[in-house]
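This report concerns only the one structure given below.
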Amino acid sequence: MRALKRIWIVPVVLVLCASCATLSPERRYLGEWSGTHEGETYTALFDENNRCILTEEDGGTDAFVGNWTLENEEITVTVGEQTLHGFITTDGGLVLSEGSESIVLRKVK
């Protein structure tokens with residue numbers, strides 16, 4: 001009976017450790033996100049070095065490089081003079097806002 005308990009405890013501990021690592025607030029934001037706003041497609045790429053690349057595809061493609069920080073699970077993206085604030089919703093969408101304008105992005109990668 002003791003041996004059986006040891007056998008199932010190891011996988012449970014491994015799964016719990018892995019889920020803790022993937023649930024860290026920073027890791028949830030990493031990767032590529034995409035969404036549309038007023039007919040335009042926007043993407044945001046967040047990397048481990050707190051660099052962010054925002055892309056606007058409005059016939060051409062404009063890319064803007066900035067930085068991101070996380071505090072209390074809310075993200076702040078700074079690109080030049082522009083600052084966006086955001087959070088991940090319960091359904092996995094990333095809401096980025098500046099003033100009264102908001103866009104919901106979905107994780108691509």
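The table below lists the values:
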quantity: Residue in segment 65-108 that is farthest from the chain's Cα centre (by Cα), counting only those that are among the small types (Gly, Ala, Ser) and surrounded by 15 or more Cβ atoms within 10 Å (Cβ to Cβ); calculated: 66
quantity: Subset of segment 56-76 [touching a Phe, Trp or Tyr at 6+ places or on another chain (Cβ under 8 Å), more than 13 Å from residue 43 (Cβ to Cβ) and either at pLDDT 90 or above or in a strand (DSSP E or B) (or both)]; calculated: 68, 70, 74, 75, 76
quantity: Residues of segment 77-109 satisfying the condition of being closer than 16 Å to residue 53 by Cβ and in contact with a Leu (Cβ under 7 Å, 6 or more places away or on another chain); calculated: 77, 79, 84, 86, 94, 96, 103, 105
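The values are calculated or read from the model by the stated rules, or taken from the named source; none is laboratory data. Note that the coordinates shown come from a computational prediction; the quantities given were computed from them, not determined experimentally. With ideal geometry, Cβ positions are generated from the backbone for all residues, glycine too; neighbour counts draw on all protein chains shown.
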